[in-house]
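Structure record follows, encoded as structure tokens.
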Amino acid sequence: MKNIILIGMPGTGKSVVGQALAQRMNYQFVDVDDLIQARSGKTLKEMLLELGYDGFLAAEGYEGMQLKCQDTVISTGGSMVFSSKAMEHLKENGVVVWLETPISELESRMPEQLIDRGIACAPGMTIRDIYHQREPLYAQYADAIVACCEGEDNVVDRLLSVIHGLPLD
């Protein structure tokens, strides 16, 4: 069976929803942010400060290129879509679902200092700026879009409905 690759903005719930989805589908779960941190021995914030924006994006893309799995729900970092090679690699054995969350909801979840959350962005960008920058890439790579709503179970139910209509074999 193909992998389910979750993309979307930071704070959208890719990790929490991904874990719940994997459990309900009897799939494995991989969080790319966790892999990056395990490989580097540093937090995302520390990596951003040390490597800078471009260096962090390169490290994230590298991690995406290294993934070789099946029957797995993969929660990508929100900026993974900047690595076309990593996204193409992930799509070879997976379907990509964009967890779309309204910008107003994201703004309420995010700290003012985005680097504190380990969010890859150019200095001075707001969550709104990041959303507008990434939105076309999320749309480009998505095989399906699931609007996030209140509650993890509701989002997982919507995901399962959408996934049943996608070619997973």
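In straight-distance terms, cross-link reach from K2 covers every one of the lysines whose alpha-carbon lies under 20 Å from its own, apart from those fewer than eight places away in the same chain; here that gives K14, K68, K85, K91.
Filter the trypsin sites (Lys or Arg not before Pro) in the range 68-103 down to the DSSP loop ones having no more than 14 other Cβ atoms within 10 Å, then list what survives.
On the way: sites: K68, K85, K91; in loops: K68.
Qualifying residues, ordered by number: K68.
Simple rule: put +1 on each Lys or Arg Cβ and -1 on each Asp or Glu Cβ in the range 3-160, find the dipole, and look at P102, Q70, I127; the Cα lying farthest toward the positive end is Q70.
Placing R0 at 41 angstrom, the Cβ-Cβ distance between K85 and S161 gives a FRET efficiency of 0.85 after rounding to 0.05. Fully extended, how many nm does the chain gain between T126 and N154 (0.36 nm per residue separation, minus their Cα-Cα distance)? Result: 7.3 nm gained on full extension.
Put a dot 7 Å past the Cα of D34, heading toward its Cβ, do the same for Y62, and the two dots end up 2.2 nm apart. Eigenvalues of the alpha-carbon gyration tensor of the chain, scaled by 5 and square-rooted, set the equivalent ellipsoid semi-axes at 24, 19, 14 angstrom, largest first.
Think of the chain as a dipole: +1 on every Lys or Arg Cβ, -1 on every Asp or Glu Cβ, centred on the Cα centre; then among T12, N26, A86, A86 lies furthest on the positive end.
A simple charge model with +1 on the Cβ of Lys and Arg, -1 on the Cβ of Asp and Glu and nothing else charged puts the dipole of the range 3-160 at about 240 debye relative to its Cα centre.
Taking other residues whose beta carbon is less than 13 angstrom from the beta carbon of D129, and scoring Lys, Arg as +1 and Asp, Glu as -1, yields 0.
Note on A144 and K42: with the Förster distance fixed at 41 Å, the Cβ-Cβ geometry gives a FRET efficiency of about 0.75.
Every number here is computed from the coordinates shown, using simple stated rules; none is lab data. This structure is a prediction, so every number in the text was calculated from the model and none was measured. Methodologically, a virtual Cβ is constructed for each residue, glycine included, from the backbone with ideal geometry; neighbour enumeration extends over all protein chains shown.
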